[in-house]
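To start, the structure under review is shown below, and the notes come after it.
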Amino acid sequence: MDLSDLRIFSAVVRQGGVTRAAERLHRVQSNVTTRIRQLEDDLGVSLFIRAGKRLHLAPAGRVLLDYADRLLTLADDARSAVQDPRPRGIFRLGAMESTAAVRLPGPLTEYNRRHPEVTLELRTGNPAQLATAILAGELDAALVAEPIAEAPFEKVAAFNEEPVIVTAANHPPIGAKGLAPKTIIVFEHGCPHRARLEAWYESRGEMPERTIELASYHAMLGCVVAGMGAALLPKSILRTFPESRRLRIHRLSRGQDRIATVLIWRKGAGAAKIKALQDILTGPAARRRKPPTRGS
């Protein structure tokens with residue numbers, strides 16, 4: 001049983017017989033008759049009661065007609081959906097936690113306003129996790145920090161973040177060797193900010209003596225305020241932390257003080273939903289959201 005069988009069956013019922021159904025479907029009568037017989041053989045029931053040349057819907061035919069109508073309507077809806085250039089359906093978006101917390105509320109609010117037929121689903125994770133989820137078909141797109149593998153993905157620039165090291169407010173400047181905190185407070189492996197902080201220590205010929213792994217920026221900042229160690233995170237996160245006055249910010253040197261966040265999706269899998277978000281992230285409103293330059 002396939003959709004074409006159901007369309008022929010429905011046409012015979014709606015048109016009141018094989019002759020008119022054949023005319024409506026632009027088929028020869030023998031073809032319509034054969035397809036109805038094949039459908040009955042496939043289902044193992046009689047769909048019509050035959051009285052001479054007249055056909056009357058059998059009980060099994062009445063049951064099938066209800067399902068046929070629903071299946072054909074659903075198939076038509078599916079065809080319209082895939083051919084419709086407008087964003088619609090479920091948009092499964094991934095983002096790093098910092099991006100989701102600070103950068104996305106405005107763009108996603110605008111997205112919902114422009115495209116009410118789209119249902120947004122958001123998952124957070126580190127870039128490696130999100131990239132893997134895209135390739136597995138679990139996400140449509142994600143916002144991740146560079147660098148990201150070029151071959152499997154298409155990408156567009158979204159945000160530029162300034163990573164900073166934070167310590168408790170009473171900690172001295174960490175420019176001189178030996179003054180960096182002995183403990184770092186970080187996310188799990190795969191976090192680009194953890195990698196940047198570990199590279200910073202390595203560039204100084206130092207290694208932290210202790211590593212504390214946490215799962216939220218605010219928990220990390222709370223530990224920093226308490227003097228437990230240092231963390232590296234986007235400066236934009238500090239706007240959401242009510243105790244930021246109790247922190248000391250240590251800026252990185254040029255070349256290390258920028259991390260680009262990009263929107264990525266699988267090559268060849270670009271869709272209207274992704275293009276709509278791209279337009280919001282790169283449009284005039286996005287330029288107004290551009291973070292201040294260094295030193296401001």
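The table for this structure:
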| read-out | value |
| --- | --- |
| Filtered residues of the range 107-141 (kept if touching a residue at least 60 places away in the same chain (Cβ under 8 Å) and farther than 24 Å from residue 220 by Cβ) | 107, 110, 111, 114, 115, 118, 134, 135, 140, 141 |
| Sole residue being open to solvent by less than 50 Å² (accessible area, probe 1.4 Å) and polar (S, T, N, Q), chosen from 183, 119 | 183 |
| Residue tally, condition under 20 Å from residue 236 (Cβ atoms) and outside any loop (DSSP other than H, G, I, E, B), over the range 185-198 | 8 |
| Close pairs from the range 244-273: first touching a residue at least 24 places away in the same chain (Cβ under 8 Å) and closer than 14 Å to residue 196 by Cβ, partner among the charged types (D, E, K, R) and in a strand (DSSP E or B), Cβ under 6 Å, at least 6 apart | 259/161 |
| Residues that are small (Gly, Ala, Ser), farther than 19 Å from residue 282 by Cβ and either assigned to a strand (DSSP E or B) or touching a Ser or Thr at 6+ places or on another chain (Cβ under 6 Å) (or both), drawn from the range 133-172 | 168 |
| Selection count where residues are hydrophobic (A, V, I, L, M, F, W, C) and under 16 Å from residue 252 (Cβ atoms), scope the range 157-190 | 9 |
| Selection within the range 199-219 - open to solvent by less than 60 Å² (accessible area, probe 1.4 Å) and not in a loop (DSSP other than H, G, I, E, B) | 199, 200, 201, 212, 217, 219 |
| Single condition residue 249 does not satisfy, out of (1) at pLDDT below 95; (2) of a type in the set (Val, Ile, Thr); (3) under 20 Å from residue 179 (Cα atoms) | (1) |
| Scan of the range 252-296 for residues that are surrounded by 14 or more Cβ atoms within 10 Å (Cβ to Cβ), among the hydrophobic types (A, V, I, L, M, F, W, C) and either in a strand (DSSP E or B) or modelled with pLDDT under 85 (or both), ordered by number | 259, 260, 262, 263, 264, 265, 286 |
| Of all residues in the range 134-147 being in contact with a Lys or Arg (Cβ under 7 Å, 6 or more places away or on another chain) and hydrophobic (A, V, I, L, M, F, W, C), the one that is surrounded by the most Cβ atoms within 10 Å (Cβ to Cβ) | 139 |
| Hits in the range 14-32 - residues which are closer than 15 Å to residue 55 by Cα and surrounded by 17 or more Cβ atoms within 10 Å (Cβ to Cβ) | 18, 21, 22, 32 |
| Single unsatisfied condition, residue 73 versus (1) under 39 Å from the mean Cα position of the chain (by Cα); (2) exposed (fewer than 15 other Cβ atoms within 10 Å of the Cβ); (3) touching a residue at least 24 places away in the same chain (Cβ under 8 Å) | (3) |
| Qualifying positions in the range 212-229 - without any contact (Cβ under 8 Å) to a residue 24 or more places away in the chain and either closer than 11 Å to residue 185 by Cα or polar (S, T, N, Q) (or both) | 219, 222 |
| Top-ranked residue of the range 25-54 - restricted to ones that are free of Cβ contacts under 8 Å to residues at least 12 places away in the same chain and of a type in the set (Val, Ile, Thr), ranked as nearest to residue 67 (Cα to Cα) | 49 |
| Residues that are more than 39 Å from the chain's Cα centre (by Cα), farther than 18 Å from residue 235 by Cα and not hydrophobic (A, V, I, L, M, F, W, C), drawn from the range 172-183 | 172, 175, 177, 178 |
| Among the candidates 51, 68, 78, residue that is within 16 Å of residue 2 (Cα to Cα) and either loosely packed, with under 12 Cβ neighbours inside 10 Å or not hydrophobic (A, V, I, L, M, F, W, C) (or both) | 78 |
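The values are calculated or read from the model by the stated rules, or taken from the named source; none is laboratory data. Since the structure is predicted, the reported quantities are computational estimates derived from the model, not experimental observations. Counting neighbours? That spans all protein chains shown, and the Cβs are built from the backbone with ideal geometry, glycine included. Areas reflect the complete protein model, heavy atoms only, side chains present, ligands, DNA and RNA absent. Shrake-Rupley method; radii C 1.70, N 1.55, O 1.52, S 1.80 Å.
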